[in-house]
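Below is one structure, written out as structure tokens, with a few remarks after it.
The values are calculated or read from the model by the stated rules, or taken from the named source; none is laboratory data. Bear in mind that the values here come from a model prediction, so they are computed numbers and not experimental data. Cβ placement follows ideal geometry from the backbone for every residue including glycine, while neighbour counts extend to all protein chains displayed.
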Amino acid sequence: MRRPIKHRRIVAGDLHYDDQSVSKFINYIMLRGKKNVARSIVYGAFDIIKEQTKQEPLEVFKMAIKNVGPTIEVRSRRIGGANFQIPREVRGERRFQLAARWIKNVARSGKGKPMREKLAAELISAANNEGGAIKKRDEVHRMAEANKAFAHFTW
């Protein structure tokens, strides 16, 4: 039997840009319910992006999310007593979630600078198709390519 359809809550746009994806990204950055701290980190990173690139920070952010989002991933499936890594296409919501998570994790793993500077640097490098989040996307694509032989085991 199929799973029931999940009715997802629609997130309102953020304060400065009135954009739903920025609002979701602020929620991903947030730790321990401190949303104002998360907002100051994200908006501070956007100010740094505007200062360094002389471009609209929202466009750089959207380009970074688009570049980092994977188009295909592997999912584990048990068939006949063996686990296979089966490549599957990634839905749009999950693509955004993975891209935001990878950018956040790479920015958090950096040491020595404030979070807004690390986040701005990672967003700029992701928009230019370089950086740690892009490496993670390439790794996922490489895994899917290596397991292409099992693509016929579909759900």
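Out of the residues in the stretch 51-61 meeting the condition of being within 16 Å of Asn128 (Cβ to Cβ) and more than 17 Å from the chain's Cα centre (by Cα), tell me which one is surrounded by the most Cβ atoms within 10 Å (Cβ to Cβ).
Per the criteria, the residue is Thr53.
Answer yes or no as to whether Gln97 is within 16 Å of Arg137 (Cα to Cα) and either aliphatic (A, V, I, L, M) or assigned to a helix (DSSP H, G or I) (or both).
yes
When residues of the stretch 60-89 are filtered for being touching a Pro at 6+ places or on another chain (Cβ under 7 Å) and among the basic types (Lys, Arg), how many remain?
Qualifying residue count for the region: 0.
I'm told Ser109 meets every condition in (1) buried (at least 19 other Cβ atoms within 10 Å of the Cβ); (2) touching a Gly at 6+ places or on another chain (Cβ under 8 Å); (3) of a type outside the set (Phe, Trp, Tyr) except one. Can you identify the failing condition by its number?
All conditions are met except number (1).
Among Ile103, Ile86, which is out of contact with any Gly (no Cβ under 8 Å at 6 or more places or on another chain) and at pLDDT below 95?
Going through Ile103, Ile86 in turn, the sole match is Ile86.
So, of the residues in the stretch 51-70 that are of a type in the set (D, E, K, R) and either touching a Gly at 6+ places or on another chain (Cβ under 6 Å) or not in a helix (DSSP H, G or I) (or both), which turns out to be farthest from Asn105 (Cα to Cα)?
Of everything passing the filter in the stretch 51-70, Lys54 is farthest from Asn105 (Cα to Cα).
Scan the stretch 119-132 residue by residue and report those that are under 12 Å from Arg108 (Cβ atoms) and at pLDDT 95 or above.
Answer for the stretch 119-132, where residues must be under 12 Å from Arg108 (Cβ atoms) and at pLDDT 95 or above: Leu119, Glu122.
If you check Glu73, Glu145, which single one turns out to be among the charged types (D, E, K, R) and part of a helix (DSSP H, G or I)?
Glu145
What pairs come up if the first residue lies in the stretch 84-96 and is aliphatic (A, V, I, L, M), the second is assigned to a helix (DSSP H, G or I) and at pLDDT below 85, and their beta carbons are under 7 Å apart, counting only those six or more places apart or on different chains?
Listed pairs, sorted by first residue: Ile86/Phe150.
Please specify each residue of the stretch 1-50 satisfying the condition of being in a loop (DSSP other than H, G, I, E, B) and surrounded by 12 or more Cβ atoms within 10 Å (Cβ to Cβ).
Within the stretch 1-50, Val11, Gly13, Asp14, His16, Tyr17, Asp19, Met30, Lys34 meet the criteria.
Condition check ((1) of a type in the set (Ser, Thr, Tyr); (2) farther than 27 Å from Ser125 by Cα; (3) modelled with pLDDT of 95 or more) across all residues:
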| site | (1), (2), (3) |
| --- | --- |
| Lys6 | no, yes, no |
| Ala12 | no, yes, no |
| Asp19 | no, no, no |
| Ser23 | yes, no, yes |
| Tyr43 | yes, no, yes |
| Thr53 | yes, no, no |
| Asn67 | no, no, yes |
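Can you find a residue in the stretch 114-131 that is in contact with a Leu (Cβ under 9 Å, 6 or more places away or on another chain) and among the acidic types (Asp, Glu)?
There is no residue in the stretch 114-131 that is in contact with a Leu (Cβ under 9 Å, 6 or more places away or on another chain) and among the acidic types (Asp, Glu).
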